[in-house]
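Shown next, in structure tokens, is the structure this report addresses.
The values are calculated or read from the model by the stated rules, or taken from the named source; none is laboratory data. Just so it is clear, the model here is predicted, and its values are computed rather than measured. Backbone-built Cβ (ideal geometry, glycine too); neighbour counts: all protein chains shown. Ligands, DNA and RNA are stripped out before the accessible areas are found, and what is left, the full protein with its side chains, is counted by its heavy atoms. Shrake-Rupley method; radii C 1.70, N 1.55, O 1.52, S 1.80 Å.
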Amino acid sequence: MSLVIVGSLALDTIETPKERKERIIGGSCSYAALAASYFTNPKIVAVIGEDFPAGIIDLFKQKGIDTRGVTKEYGKTFHWEGRYGSDPNQRTTIKTELNVFKDFKPRLPKDYCNTDILFLGNIDPDLQKDILSQARSPKLVAMDTINLWIENKPNSLLKVLEQVDVFFANDEEVKLIADEVNLIKAGNKLLKKGPSLMIIKKGEHGALLMGKDFVFGTLAYPCENVIDPTGAGDSFGGGFLGYLDKVNSFKEADIRKAAVYGSVMASFTIEDFSIERIKSLGAEEIDSRFNEFKKLVTF
Ligand code: AMP
């Protein structure tokens, strides 16, 4: 099948209790595409500025990622600054500088329009809607978002939500959009608004999948050494959709397996800053962690 991923290519400044890193590679598209690249050859759509390192685009190409949908504009790349306290599940956005994203008019290259799976990664919901209108008849559309858009563009976000099959969001975001304190009620409320599958990310506690007629939970990998949680959600999404694209199936059994692969990819991302860990994994490492997950939940 085929997978198109739309999202941000970013330079991130990240502060953890131990370290501060300035302008390292980040963005929803970077993480999702790298995670997906271990299962399929994703095509990406994003915008970069003049300061985005050319070597990273080369790295994407080496990983089999189709970068023809990446536009380079005059100006600076999207910059996001986040800070983590002692609890890695809690982060504060310090700065969001849209830069070249401000005037970005995404165009899907012609042969991207026939994609089977479309992943609308975390970007402005108006851009997500624009991209969605260019895709011909995808078999599966997934979207992700972030608090900024829920707070600033709730109506645009709800319009996109009506047209997607899978919605990735963390527990706080689900409650916020649904205006409901109970997570299950909130998930069920959103299932009535469009998506047939909610994937609720719960940080170090894993993820909860709520379908119209099934519920499935996966643990997060018990990781003692969390260096930088940034990109865990995007890596989950990329791994999840990359796996479904590879097996060419949306059956419940494959969706469950895809969620475990999503968790596997997220668990690698958080073991280092930026894309350092996820950029050069071996198939054996991925399979071995998948098998560890299996052991964790078999009883
Ligand atoms: P995650 O930790 O999976 O939620 O994703 C973190 C990534 O999202 C970072 O690398 C940021 O560059 C990117 N990001 C943060 N805010 C935004 C935003 N408003 N639009 C697009 N990407 C963003």
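Just need a number here: residues in the stretch 49-93 that are of a type in the set (Lys, Arg) and under 30 Å from GLY206 (Cα atoms). Write out each step before concluding.
As a first pass, look at the stretch 49-93 and keep what is of a type in the set (Lys, Arg): 61, 63, 68, 72, 76, 83, 91.
Then drop every residue that is not under 30 Å from GLY206 (Cα atoms), which leaves 63, 83, 91.
Residues in the stretch 49-93 being of a type in the set (Lys, Arg) and under 30 Å from GLY206 (Cα atoms): 3 in total.
Going by the conditions given, is GLY82 open to solvent by less than 70 Å² (accessible area, probe 1.4 Å), part of a helix (DSSP H, G or I) and not charged (D, E, K, R)? Spell out how you get there, then give the answer.
Details: open to solvent by less than 70 Å² (accessible area, probe 1.4 Å): yes; part of a helix (DSSP H, G or I): no; not charged (D, E, K, R): yes.
No, not satisfied.
Kindly indicate whether any position in the stretch 264-286 is assigned to a loop (DSSP other than H, G, I, E, B), over 14 Å from the mean Cα position of the chain (by Cα), within 23 Å of ASP116 (Cβ to Cβ) and more than 14 Å from the ligand (Cβ to nearest atom).
No, that holds for no residue.
Determine, yes or no, whether LYS139 is open to solvent by 70 Å² or more (accessible area, probe 1.4 Å) and either charged (D, E, K, R) or at positive phi (or both). Reasoning before the result, please.
Working: open to solvent by 70 Å² or more (accessible area, probe 1.4 Å): yes; either charged (D, E, K, R) or at positive phi (or both): yes.
Yes, satisfied.
Return yes when SER235 is hydroxyl-bearing (Ser, Thr, Tyr), at positive phi and within 13 Å of the ligand (Cβ to nearest atom) and no when it is not. Spell out how you get there, then give the answer.
Details: hydroxyl-bearing (Ser, Thr, Tyr): yes; at positive phi: no; within 13 Å of the ligand (Cβ to nearest atom): yes.
So SER235 does not fit the description; no.
Restrict the check to the stretch 115-130 and report whether at least one residue is within 10 Å of the ligand (Cβ to nearest atom), aliphatic (A, V, I, L, M) and farther than 21 Å from ALA232 by Cα.
Taking every residue of the stretch 115-130 in turn, at least one turns out to be within 10 Å of the ligand (Cβ to nearest atom), aliphatic (A, V, I, L, M) and farther than 21 Å from ALA232 by Cα.
Is it the case that LYS251 is modelled with pLDDT of 95 or more and open to solvent by 10 Å² or more (accessible area, probe 1.4 Å)? I'd like the intermediate steps shown before the answer.
Numbers: modelled with pLDDT of 95 or more: yes; open to solvent by 10 Å² or more (accessible area, probe 1.4 Å): yes.
Spelling it out, LYS251 is indeed modelled with pLDDT of 95 or more and open to solvent by 10 Å² or more (accessible area, probe 1.4 Å).
In this structure, does ASN99 turn out to be more than 13 Å from the ligand (Cβ to nearest atom), open to solvent by 10 Å² or more (accessible area, probe 1.4 Å) and at pLDDT 95 or above? Spell out the reasoning first.
Numbers: more than 13 Å from the ligand (Cβ to nearest atom): no; open to solvent by 10 Å² or more (accessible area, probe 1.4 Å): yes; at pLDDT 95 or above: yes.
So ASN99 fails the test.
Please determine, by comparing only the residues of the stretch 234-248 that are open to solvent by 20 Å² or more (accessible area, probe 1.4 Å) and in contact (Cβ under 8 Å) with a residue 40 or more places away in the chain, which one is nearest to the chain's Cα centre (by Cα). Before the answer, list the steps.
So the first thing to find is which residues in the stretch 234-248 are open to solvent by 20 Å² or more (accessible area, probe 1.4 Å), and the list is 234, 246-248.
Remaining after also requiring in contact (Cβ under 8 Å) with a residue 40 or more places away in the chain: 234, 246, 248.
Numbers: ASP234: 2, LYS246: 17, ASN248: 20 Å.
Within the stretch 234-248, the match that is nearest to the chain's Cα centre (by Cα) is ASP234.
Return yes when GLY64 is at positive phi, away from the ligand (no atom under 11 Å from the Cβ) and not charged (D, E, K, R) and no when it is not. Let's see the steps before the verdict.
Working: at positive phi: yes; away from the ligand (no atom under 11 Å from the Cβ): yes; not charged (D, E, K, R): yes.
Yes.
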